[in-house]
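In what follows, a single structure is set out as structure tokens and then discussed.
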Amino acid sequence: MKNIILASSNPHKLEEIQNVLSPIKINTLLEIGFIDEIEETANTFEGNALIKCETIYQLYKKPVISDDSGLLVHYLKDAPGVYSSRYAGQNATDQMNYEKLLNNLNDIADRRAKFVTVICYYQSPRNIAYFKGELTGSIAEQPEGYNGFGYDPIFIPEGFNQTLGQLSSEIKNRLSHRARALEKFNLVF
Ligand code: IMP
């Protein structure tokens, strides 16, 4: 069985990624003993996904997979985008971030939004591949549900009338931006 290091310490991402890539054994950063923060200094999803992979590859010289993702809101000219995890400030909680977003959309009828994920698969410095996945939907009027993480309580996927926070993890794992990017990865590897 193939082993890949996941350059993320987000347990929700690990669950979603391991679920789709089940024949591959994913090693977490915790398992390999890496506990530092990796600074995401790029202004694109591809750039940040690459930074995460490069940091881990340089230390462990083993294949690494990383994901960089965010929420793009049409009315806000695609903000928060790559800054999704720190929209309300450097140490903002998920709740602070989505509350700021809801405030910025107060009384706004155009609530179109999409999640984007870029997966980077880094086998060596000469062998790097990217896979992109998107999930379109809209921003709810108020937070609903406790499943998932991040902006899940305020994001309603197209074709549904509940937020990702209310939908089961089975449904989210089937339709999420991350699942879509990983399916493309699965077709190649
Ligand atoms: P990253 O860890 O730099 O990729 O940060 C992505 C940020 O985007 C997270 O902290 C969340 O705020 C948001 N995000 C990414 N994927 C999801 C998702 O599946 N559901 C909800 N929020 C997400």
- Quick one: compute the contact order of region 42-189, relative version, from alpha carbon pairs under 8 angstrom and 6+ residues apart, as a percent. 21
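Could you work out [θ]222 nm for the chain from helices alone, using -39500 (n - 2.57) per DSSP H run of at least four and dividing by all its residues? Round to the nearest 500 deg cm²/dmol.
Details: 6 runs with 60 residues, N = 189.
It comes out at -9500 deg cm²/dmol, rounded to the nearest 500.
Rounded to the nearest 20 debye, what is the charge dipole size of region 3-188 about its Cα centre when +1 sits on each Lys and Arg Cβ and -1 on each Asp and Glu Cβ? Present the calculation step by step, with values, prior to reporting the outcome.
Numbers: 18 positive and 23 negative charges, 123 e Å.
So the dipole magnitude of region 3-188 works out to roughly 600 debye.
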- Message: I need to check one value: relative contact order of region 133-189, counting alpha carbon pairs closer than 8 Å and at least 6 residues apart, in percent.
- Response: 35
- How about LYS61: which aspartates and glutamates have a C-alpha closer than 20 Å to its C-alpha, ignoring those fewer than 8 places off in the same chain? GLU31, ASP36, GLU37, GLU39
- Fewest to most neighbouring Cβ within 10 Å: what's the order for ASP78, ASP67? ASP78, ASP67
- Kirkwood hydrodynamic radius over Cα pairs of region 1-79, then Stokes diffusion coefficient at 37 °C and 0.692 mPa s, in µm²/s: 243
- Note on the structure: Counting only DSSP loop positions in region 40-88, the GluC sites (Glu not before Pro) whose Cβ has at most 12 other Cβ atoms within 10 Å are none
- Message: Please compute the Kirkwood hydrodynamic radius of the chain from all pairs of different C-alpha atoms, in Å with one decimal.
- Response: 16.9
- Over 20 Å between Cα atoms, which of LYS13/LYS100; LYS13/LYS114; LYS114/LYS172; LYS13/LYS132 qualify? LYS13/LYS100
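Restricting attention to region 1-98, which trypsin sites (Lys or Arg not before Pro) occupy a DSSP loop and are surrounded by at most 16 other Cβ atoms within 10 Å? Write out the running numbers ahead of the final one.
Working: sites: LYS2, LYS13, LYS25, LYS52, LYS61, LYS77, ARG86; in loops: LYS2, LYS61, LYS77.
Here the trypsin sites (Lys or Arg not before Pro) that fit, given the DSSP loop and packing criteria, are LYS2, LYS61, LYS77.
Read-outs: derived from the displayed coordinates by stated rules, not from any lab. Nothing here was measured: the structure is a model prediction, and the numbers come from that model. For neighbour counting, all protein chains shown are included, and Cβ atoms are generated from backbone atoms with ideal geometry for every residue, glycine included.
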